[in-house]
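So the structure is just underneath, and the comments pick up after that.
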Amino acid sequence: MTPSLELPLFPLNVVLFQGGTLPLNIFEPRYVRMIEHAIDTDTGFGVVLIREGHEVHNEDVQSAPEIHNVGTLASIQEHERQSDGRYRVLVVGGTKFRIANTWELEDHLRMAHVQLLIDEPTLPIRPSDEHLVQTYEQVRRSMATPEKESDDDFSDASWVSMRLAERLPMTLTTRQRMLELDNAHQRFDLIQLLLKDVTED
């Protein structure tokens, strides 16, 4: 059985994949405390996609946002405290998890018991998917400031499929579906369908 743990959640309108990076501007007091605790203890937190609701807590809204039950562990790669107390951080995605139950602390920080999910198997690039590797390279080159990931592995179907899922235009619901798949070839198949729909429109 995979490990389970208790961790704070950061509900966002974004999907974080394993190996992906995410810059964050932290200003809400509950998340400032969460980040400071993560820095002090060298621990992380969970990034989960909001299903319905808002990222920022509103005193007029009593209910917490609805969230998807599969998210990604985030660890802090870089952090900088601003003069006004905010934090600029860069996090990297790690293992996926499934939420067992959640509760809120007094400051409305969402906590959860989660079950870590087994990493998907390493699979080779199929001949039918080789053009998707080229598609990813084109997407990265088209970025305003194309960066080189330190763990580039164009022979790993999981790595390439997750980077495409991060950067190709698609709905957040579809991106979440990509996250929840545990097989890179299935993720490639879904990407193929999406690209086919785009070219046929």
*Flag if I35 is within 22 Å of M178 (Cβ to Cβ) and surrounded by 17 or more Cβ atoms within 10 Å (Cβ to Cβ)*: no
In the stretch 182-201, anything under 22 Å from I67 (Cβ atoms) and surrounded by 18 or more Cβ atoms within 10 Å (Cβ to Cβ) is listed as R187
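Restricting to the stretch 71-88, name every residue that is aliphatic (A, V, I, L, M) and more than 26 Å from R177 (Cβ to Cβ). Can you show your working first?
First, pick out the residues of the stretch 71-88 that are aliphatic (A, V, I, L, M): 73-74, 76.
Result: I76, single match.
Residues of the stretch 13-32 being of a type in the set (S, T, Y) and open to solvent by less than 20 Å² (accessible area, probe 1.4 Å), which ones?
Just the residues of the stretch 13-32 that are of a type in the set (S, T, Y), to begin with: 21, 31.
Y31, the sole residue that qualifies.
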Quick count over the stretch 1-44, residues being in contact with a strand residue (DSSP E or B) (Cβ under 7 Å, 6 or more places away or on another chain) and either of a type outside the set (F, W, Y) or modelled with pLDDT under 95 (or both), is 29
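Could you go through the stretch 63-78 and let me know if any residue there is aliphatic (A, V, I, L, M), open to solvent by 60 Å² or more (accessible area, probe 1.4 Å) and either in contact with a helix residue (DSSP H, G or I) (Cβ under 7 Å, 6 or more places away or on another chain) or at pLDDT 95 or above (or both). Walk me through it before giving the result.
First, pick out the residues of the stretch 63-78 that are aliphatic (A, V, I, L, M): 64, 67, 70, 73-74, 76.
Among the residues that remain, those that are also open to solvent by 60 Å² or more (accessible area, probe 1.4 Å) are: none.
Checked against the condition, which is being aliphatic (A, V, I, L, M), open to solvent by 60 Å² or more (accessible area, probe 1.4 Å) and either in contact with a helix residue (DSSP H, G or I) (Cβ under 7 Å, 6 or more places away or on another chain) or at pLDDT 95 or above (or both), the stretch 63-78 yields no hits at all.
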Checked against (1) modelled with pLDDT of 90 or more; (2) closer than 20 Å to V14 by Cα, H131 satisfies every condition except (2)
Counted residues in the stretch 150-181 being modelled with pLDDT under 95, within 26 Å of P11 (Cβ to Cβ) and either over 16 Å from the mean Cα position of the chain (by Cα) or open to solvent by 90 Å² or more (accessible area, probe 1.4 Å) (or both) come to 1
Here the qualifying pairs (Cβ atoms under 9 Å; residues six or more apart or on different chains; first in the stretch 1-26 and within 16 Å of K96 (Cβ to Cβ) and assigned to a strand (DSSP E or B); second among the hydroxyl-bearing types (S, T, Y) and modelled with pLDDT of 95 or more) come out as L9/T102; F10/Y31
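The values are calculated or read from the model by the stated rules, or taken from the named source; none is laboratory data. Keep in mind it's a predicted model, so treat the numbers as computed, not measured. Cβ: placed from backbone, ideal geometry, glycine included. Neighbour counts: every protein chain shown. Keep in mind that these areas ignore ligands, DNA and RNA; they rest on the heavy atoms of the full protein, side chains included. Shrake-Rupley method; radii C 1.70, N 1.55, O 1.52, S 1.80 Å.
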